[in-house]
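For reference, the structure is listed below as structure tokens.
The values are calculated or read from the model by the stated rules, or taken from the named source; none is laboratory data. Being a predicted model, the structure only gives us computed values, none of them experimental. Every residue, glycine as well, gets a Cβ built from its backbone with ideal geometry; the counts of neighbours run over all protein chains shown. Only protein heavy atoms, including side chains, enter the accessible area calculation; ligands, DNA and RNA are left aside. Shrake-Rupley method; radii C 1.70, N 1.55, O 1.52, S 1.80 Å.
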Amino acid sequence: KLGAQLLRVAEVMVTSDLPLLPTTAPMSEVLIALTNRNLGCVGLVDAKGHLAGIFTDGDLKRRLSPDLLSKTAADVMTASPKTIEANTLATAAVAAMDKANVTSLWVLKNARPTGLLRLQECLHAGVC
């Protein structure tokens, strides 16, 4: 248990096949990415590859409307999502998630997403 308290975000985060799409993506693509990867969110990046927003399962529930599929990711995304650095202690990341009332944080390096930290991975690793 003590070892788990010393884990860094980089040791727990998801790094493969990250659900990332451009902010210009149509919502049909966002929804496919959301369900195919099953991580609870899709990261949305600008033309430079910088994280610009996030679209979550919860956002889908809140924004569901007859015209949703006619919109782009930029129209419905949550801008400036909560993020964390890879060298942060995972326990601090869990505290940050709790404080912000979110279950995932994008891990950035030079404003570009390199991983996704989810509460679920922290639970599996024994961080919390």
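Kindly provide the helix-only [θ] at 222 nm of the chain, computed as the sum of -39,500 (n - 2.57) over DSSP H runs of four or more divided by all residues, to the nearest 500 deg cm²/dmol?
Mean residue ellipticity at 222 nm (helix-derived): -9000 deg cm²/dmol.
Can you figure out the FRET efficiency of residue 92 with residue 35, using R₀ = 41 Å and their beta-carbon distance, to the nearest 0.05?
0.85
Report the accessible area of residue 29, computed with a 1.4 Å probe over the heavy atoms of all protein chains in place, in Å² rounded to the nearest 10.
Here the residue's solvent-accessible area equals roughly 90 Å².
So what's the gap between the Cα centers of region 111-126 and region 44-81, to the nearest angstrom?
20 Å
Over the C-alpha atoms of region 15-128, what are the Rg and the largest Cα-to-Cα span, Dmax, in Å?
Cα radius of gyration and Dmax of region 15-128 are 13.9, 42 Å respectively.
By how many degrees, between 0 and 90 and to the nearest 10, does the Cα long axis of helix 90-100 differ from the longest principal axis of the chain?
Approximately 40 degrees, to the nearest 10.
In a shell of Cβ-Cβ distance under 13 Å around residue 50, excluding residue 50 itself, what net charge do Lys and Arg (+1) and Asp and Glu (-1) give?
Neighbourhood net charge equals +2.
Which percentage, to the nearest 5, of the DSSP beta bridges contained in region 19-115 is antiparallel?
That works out to approximately 70 percent antiparallel.
Given Cβ point charges of +1 (Lys, Arg) and -1 (Asp, Glu) and nothing else, what value in debye, to the nearest 20, does the dipole of region 49-128 about its Cα centre take?
Dipole size: approximately 80 debye.
Show me the trypsin sites (Lys or Arg not before Pro) within region 5-51 that DSSP assigns to loop and that have at most 16 other Cβ atoms within 10 Å of their Cβ.
Here the trypsin sites (Lys or Arg not before Pro) that fit, given the DSSP loop and packing criteria, are 48.
Once Lys and Arg get +1 and Asp and Glu get -1 on their Cβ, which of 4, 77, 108 lies farthest toward the positive end of the dipole of the chain?
Highest projection toward the positive end goes to 4.
Less than 19 Å apart at the alpha-carbon level, and either on another chain or at least 8 residues along: which lysines does that give for residue 109?
Output for residue 109: 48, 82.
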